[in-house]
Amino acid sequence: MYRILVVDDAATVRMYHRKLLSDAGWHTDEALNGVEALERVHAQEGDEAFDLYVVDVNMPRMDGYSFVRELRRLGPRHQAPVVMVSTEAQRQDVDAALDAGANTYLVKPAQPLDLVLSAALLLGDRDAALVAAQGART
Amino acid sequence: MNQTDLLDQFVIEARECLEAIGKRLLDVEQDPDNDELLNDLFRSVHTLKGNCGLFEFKPLERVVHAGEDLLDRVRHRTLAYSAELADALLEAMDYSAQLIDQIERHGRIDSNADARSIAHASALRSFVCGSEPAPSPAPLAAVPVIARVPVSSEDLAPSWTSRLDLAAVASKLSVLALRYLPEVGCFFKGEDPWRLARTAPGLLQLHVASASAWPQGEDRAAWDCYQCNLDIVLCTDAPRSEVEAHFCCVAEQVTWCDATANVGVAAPPGEPAVSPLLRQRVAVLWSDQCELLARAGDSAGTVGAARRALSNLLGCLDGPAGSAARCRHRPCSSGPDPTRWRSRSSLSRLRPRRPRCPIATSSRCCRASKTALPLRPRRCSRSARKRSTA
């Protein structure tokens, strides 16, 4: 089962994101900020490595940009895609996310379809992507 | 978890935020130059506003958003912190607490809350109006990274491509399809459409049909048998420039389609076709990865993450075989999936060239034919020719 780490200092948002992602059939874990997220990453062994990260930008201790930069400095086992989410919706925010090494950017609140479909595609979970896309049509 | 759980969590966290905001406002009053305190204060308001966005609590969101804008300027030193500003914020947060009480009691905000909400928000924004206006960056809609381009049926492959068995050329990295409708009088200009098509560089498949229905009955006698009535469709894996050069004398009679998209998303019989929404999202994400690669510089980790994402996107366009392979192998945990050479080839060329989106549609895709003709083998294989000769 794919493993996703949700990193956000807002408990409500963490709950919302985890609910959407676990309903899609993936295992989720959470961290409250970048420091805690890095600790989770380092604690993973072998196949337990996360397959995707959903990361907020504005967090205490270590923000999302810094976390992704640190993540990208780690070995190949930790090069999972990152979906960055933030309430900011300006060009410079997207640029900053990509400069840090995030794979895509969603504006909060992420719509369920946006989040699940983006996650499915970046995970390579074709079945989940088809289900999400099909659900959007019905 | 259900919606009630999420709402309960929202109320709990909203109260925590309001408590933190009240405390931090007092702290900042004592030490208004402390960046850490200001950032902490801003973050609490920011969190509350972000959480509001998950629900339809407009009166609350309006007030909190105004407070967030105000504090963003204060922390960036474009607006001076003052006792009046702190008072306005405290009053706004007191009102926000009343709204949260309503949410807890009724699961919603009273319908008459708008007037007071607007008054509080206006009071907060009045501090901003007197200060230096913040620069307004380009709106998100102009950002290609997350732009959501509507997909119309015109964006999809023209129906004449259904005359080609594109699934049979799925192993090709790039497939170009074209439709060649020779002029009716082409034979009198010394043209040989059939030969031109047969000698196309990189020819993979060729299909010929009549451009219009053959005359029947009395019309057949009156029909000019020297006029051309050919409708030719072919696909090739040669570079487009090479194919264009080959057809340069009849360029206006040729329409093109980047059929790589159709190769990638061809759904095997019995499997649902990939929806336009999915294709659109893949295209957006593909574009994101291209941007990421362009910015990656020497960051091996970022390049690796983009490669992995691209590989996974390709995997989502594959059929059941790709899915099955994915189940057996963790997605690119130790490099590209060895079961799919197309992905491997794509990945090997990521660095020197911009990866081409497998579902990108060409603006030069031709008009759609009105009737889709049945699929059939287009090109004689060597063994078939041998059998024919025998």
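The values are calculated or read from the model by the stated rules, or taken from the named source; none is laboratory data. This one's a predicted model, so the numbers in the text were calculated from it and none came from an experiment. A quick note on method: Cβ atoms are made from the backbone with ideal geometry, for glycine too, and the neighbour counts reach across all protein chains shown. Side chains included, ligands, DNA and RNA excluded: accessible areas come from the protein's heavy atoms. Shrake-Rupley method; radii C 1.70, N 1.55, O 1.52, S 1.80 Å.
Given the condition open to solvent by less than 10 Å² (accessible area, probe 1.4 Å), in a helix (DSSP H, G or I) and modelled with pLDDT under 95, answer yes or no: does some residue in region A:38-52 qualify?
So far as region A:38-52 goes, yes, one or more of its residues are open to solvent by less than 10 Å² (accessible area, probe 1.4 Å), in a helix (DSSP H, G or I) and modelled with pLDDT under 95.
Would it be correct to say that B:ALA266 is more than 22 Å from B:TRP160 (Cβ to Cβ), more than 10 Å from chain A (Cβ to nearest Cβ) and at pLDDT below 80?
When the stated conditions are applied, B:ALA266 does not pass them.
Let's see how each residue does on (1) charged (D, E, K, R); (2) surrounded by 20 or more Cβ atoms within 10 Å (Cβ to Cβ); (3) out of contact with any Lys or Arg (no Cβ under 6 Å at 6 or more places or on another chain):
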| residue | (1), (2), (3) |
| --- | --- |
| B:ARG15 | yes, no, yes |
| B:PRO32 | no, no, yes |
| B:GLU36 | yes, no, yes |
| B:LYS58 | yes, no, yes |
| B:GLU68 | yes, yes, no |
| B:GLU84 | yes, no, yes |
| B:MET93 | no, yes, yes |
| B:GLU104 | yes, no, yes |
| B:ILE109 | no, yes, yes |
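I'd like to check something: does region A:122-135 contain any residue that is more than 8 Å from every other protein chain (Cβ to nearest Cβ) and open to solvent by less than 10 Å² (accessible area, probe 1.4 Å)?
There is no residue in region A:122-135 that is more than 8 Å from every other protein chain (Cβ to nearest Cβ) and open to solvent by less than 10 Å² (accessible area, probe 1.4 Å).
Condition test on B:ASP27, is it surrounded by 13 or more Cβ atoms within 10 Å (Cβ to Cβ), out of contact with any helix residue (DSSP H, G or I) (no Cβ under 7 Å at 6 or more places or on another chain) and either more than 8 Å from every other protein chain (Cβ to nearest Cβ) or farther than 30 Å from A:ASP23 by Cβ (or both)?
Criteria not met by B:ASP27.
If you go through region A:59-78, how many residues are facing chain B (nearest Cβ under 9 Å), surrounded by fewer than 24 Cβ atoms within 10 Å (Cβ to Cβ) and not in a loop (DSSP other than H, G, I, E, B)?
The qualifying residues number 5.
State whether one or more residues within region A:79-90 are on the phi > 0 side of the Ramachandran plot, open to solvent by less than 10 Å² (accessible area, probe 1.4 Å), touching a Lys or Arg at 6+ places or on another chain (Cβ under 9 Å) and within 7 Å of chain B (Cβ to nearest Cβ).
Checked against the condition, which is being on the phi > 0 side of the Ramachandran plot, open to solvent by less than 10 Å² (accessible area, probe 1.4 Å), touching a Lys or Arg at 6+ places or on another chain (Cβ under 9 Å) and within 7 Å of chain B (Cβ to nearest Cβ), region A:79-90 yields no hits at all.
Residues of region B:58-70 being within 12 Å of chain A (Cβ to nearest Cβ), over 30 Å from the mean Cα position of the chain (by Cα) and not aliphatic (A, V, I, L, M), which ones?
Hits for region B:58-70 are B:GLU68, B:ASP69.
Which ones in region A:91-115 are buried (at least 24 other Cβ atoms within 10 Å of the Cβ), among the aliphatic types (A, V, I, L, M) and touching a residue at least 12 places away in the same chain (Cβ under 8 Å)?
Listed by number, the residues that qualify are A:ALA97, A:ALA100, A:ALA102.
Output the number of residues of region B:28-44 satisfying the condition of being closer than 18 Å to A:ARG61 by Cβ and out of contact with any Phe, Trp or Tyr (no Cβ under 9 Å at 6 or more places or on another chain).
Result for region B:28-44: 10.
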